[in-house]
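Worksheet: one structure, shown below.
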Amino acid sequence: MGLFDGISNQAPVPTTPNPAADLRNKTVVFQEMPETLDQLKALPEASLRDPLDVAALTVAALCVYPFNKDESIKMLNFLKGPQPLSPYEISFIADRFRDSDYIPRSYLNGATPQNNYMPQRPYSVTVYELAHSRDNLNEGYLTVNLNSGGADSPRQIRLRTKPSTGEWFLWEQFILVGIRVPDAANPWA
């Protein structure tokens, strides 16, 4: 049984999250969404060598939260590396999921309000850089962008490199913000 099997699905509406101004973009494909830290670590993207992979894994880890909070936090702490989530960050994440569980799914390709944010299989997320993504690269930070099927503008994830190992880690995420509600929950749809 897959992670999203209990969510009703209508016909997916394809999206094109690849703006023309990309510096670098990557679509990470998950045949199945990782549901545990061990499954996440077994993925090739978990080498933490590519910051775009780390951003995609962040979406996957947040997708687990509505089904298994503790495992999601373990996954996020792995992605945070030497600086785990603070109590404030954990509280913020819990608050974001208080009223809805669909926001992280909205970053998976094909997930839209019309299909209750049910992504297409195989699951995939596209992460990309824009002109200002590397403004703080000299200090070790990179800001990457993701499109939500329920928002009109891209959202960001900020990553930080650890020069001694060449690994990239999640520094901050700005993706758990409001988006359009699914049509199934929208009385005006």
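TYR128 versus (1) modelled with pLDDT of 95 or more; (2) on the phi > 0 side of the Ramachandran plot: which is the lone unmet condition? Evaluating TYR128 over (1) modelled with pLDDT of 95 or more; (2) on the phi > 0 side of the Ramachandran plot leaves (2) as the failure.
Pairs meeting the criteria (first residue in segment 178-189 and at positive phi, second residue surrounded by 15 or more Cβ atoms within 10 Å (Cβ to Cβ), beta carbons under 6 Å, at least 6 apart or on different chains) are lacking.
Of everything listed in (1) of a type outside the set (Ser, Thr, Tyr); (2) under 23 Å from ALA42 (Cβ atoms); (3) surrounded by 16 or more Cβ atoms within 10 Å (Cβ to Cβ); (4) out of contact with any helix residue (DSSP H, G or I) (no Cβ under 9 Å at 6 or more places or on another chain), the single unmet condition for GLU167 is (4).
Within segment 96-106, is even one residue farther than 15 Å from LEU176 by Cβ, surrounded by 15 or more Cβ atoms within 10 Å (Cβ to Cβ) and not small (Gly, Ala, Ser)? Checking segment 96-106: not a single residue is farther than 15 Å from LEU176 by Cβ, surrounded by 15 or more Cβ atoms within 10 Å (Cβ to Cβ) and not small (Gly, Ala, Ser).
Within segment 33-44, the set of residues being of a type in the set (A, V, I, L, M) and surrounded by 20 or more Cβ atoms within 10 Å (Cβ to Cβ) comprises MET33, LEU37, LEU40. Does segment 45-69 hold any residues that are crowded, with 23+ Cβ neighbours inside 10 Å and either of a type in the set (Val, Ile, Thr) or within 19 Å of ASN25 (Cβ to Cβ) (or both), and which are they? Once the filter is applied, which keeps residues that are crowded, with 23+ Cβ neighbours inside 10 Å and either of a type in the set (Val, Ile, Thr) or within 19 Å of ASN25 (Cβ to Cβ) (or both), segment 45-69 yields PRO51, LEU52, VAL54, ALA55, ALA56, LEU57, THR58, VAL59, ALA60, VAL64. Here the condition is being within 14 Å of the chain's Cα centre (by Cα) and farther than 19 Å from PHE30 by Cα; of GLN173, GLN114, it holds for GLN173 alone. Flag set for ALA21, criterion: within 18 Å of TYR128 (Cα to Cα), out of contact with any strand residue (DSSP E or B) (no Cβ under 7 Å at 6 or more places or on another chain) and either at pLDDT below 95 or not in a helix (DSSP H, G or I) (or both). Is it the case, given these coordinates, that ASP38 is without any contact (Cβ under 8 Å) to a residue 40 or more places away in the chain, farther than 21 Å from ARG158 by Cα and under 14 Å from the mean Cα position of the chain (by Cα)? So ASP38 fails the test. Output yes when any residue across segment 133-144 is polar (S, T, N, Q), at pLDDT 95 or above and crowded, with 17+ Cβ neighbours inside 10 Å, and no when none is. Yes; the residues of segment 133-144 include at least one that is polar (S, T, N, Q), at pLDDT 95 or above and crowded, with 17+ Cβ neighbours inside 10 Å.
The set of residues in segment 165-189 being in contact with a strand residue (DSSP E or B) (Cβ under 6 Å, 6 or more places away or on another chain) and not in a loop (DSSP other than H, G, I, E, B) consists of TRP168, PHE169, TRP171, GLU172, GLN173.
Looking only at segment 113-164, residues that are in a loop (DSSP other than H, G, I, E, B), of a type in the set (Ser, Thr, Tyr) and without any contact (Cβ under 8 Å) to a residue 60 or more places away in the chain come to 3 in all.
Screening the candidates SER86, SER72 for the property of being buried (at least 17 other Cβ atoms within 10 Å of the Cβ), among the polar types (S, T, N, Q) and free of Cβ contacts under 8 Å to residues at least 60 places away in the same chain yields one hit, SER72. The conditions of being modelled with pLDDT under 95 and within 24 Å of TYR102 (Cβ to Cβ) are not met by PRO66.
The values are calculated or read from the model by the stated rules, or taken from the named source; none is laboratory data. Just so you know, these numbers come straight off a predicted model, no measurement behind them. Note that we place each Cβ from the backbone using ideal geometry, even for glycine, and neighbour counts take in every protein chain shown.
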